[in-house]
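Colleague: Below are the structure tokens for one structure; questions will follow.
The values are calculated or read from the model by the stated rules, or taken from the named source; none is laboratory data. Quick caveat: nothing in here was measured; it's all calculated off a predicted structure. Note: ideal-geometry Cβ built from the backbone for every residue, glycine included; neighbour counts use all protein chains shown.
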Amino acid sequence: MPEKEPDSVKLAVLEEKVFNMVEVISKLDDTIEKLSDLSLNVSKMLAVHEEKLEFARESAAETARDIDELEDRLDRKLEQNSKRLLVVERRIWIGVGIVFAIVAVLQSSIVTGSFTDAPSSVIMREQS
């Protein structure tokens with residue numbers, strides 16, 4: 001009978017170890033399930049963040065295109081305004097030149113006395 005006791009003790013120890021292993025395996029299964037859920041949630045979050053990043057990239061590209069377009073429009077407007085300013089300056093200088101020419105002609109006429117050769121009025125002739 002002593003031989004059966006060690007077998008029964010061994011069996012009891014083995015049953016306890018198996019029971020403990022079942023608990024550990026059950027906990028491992030729960031942990032694996034939780035990790036699987038966590039992995040799925042992380043995948044969803046990454047997908048959402050990727051969509052947000054893609055939207056931000058598209059938005060940044062659109063903004064860059066808008067800025068380039070605005071820069072082109074401003075360059076065209078600046079060129080138009082520069083041309084208009086040159087035309088106005090040219091006209092001003094032409095006007096100044098005409099005024100100087102008229103002043104020069106009048107001044108030379110006064111100096112040479114061409115205006116004094118005009119017929120004098122009757123009153124002025126009687127006084128002389």
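Colleague: So which of Ile67, Ile94 is among the β-branched types (Val, Ile, Thr), at pLDDT 95 or above, under 41 Å from the mean Cα position of the chain (by Cα) and surrounded by 10 or more Cβ atoms within 10 Å (Cβ to Cβ)?
Modeller: Residue meeting the stated conditions: Ile67.
Colleague: Listed residues Ser108, Ser114; which is outside any helix (DSSP H, G or I), out of contact with any Ser or Thr (no Cβ under 6 Å at 6 or more places or on another chain) and either modelled with pLDDT under 85 or among the hydroxyl-bearing types (Ser, Thr, Tyr) (or both)?
Modeller: Answer to the selection: Ser114.
Colleague: Here are the criteria: (1) modelled with pLDDT under 95; (2) surrounded by 10 or more Cβ atoms within 10 Å (Cβ to Cβ). Tell me which single one Glu126 does not satisfy.
Modeller: Condition (2) is where Glu126 drops out.
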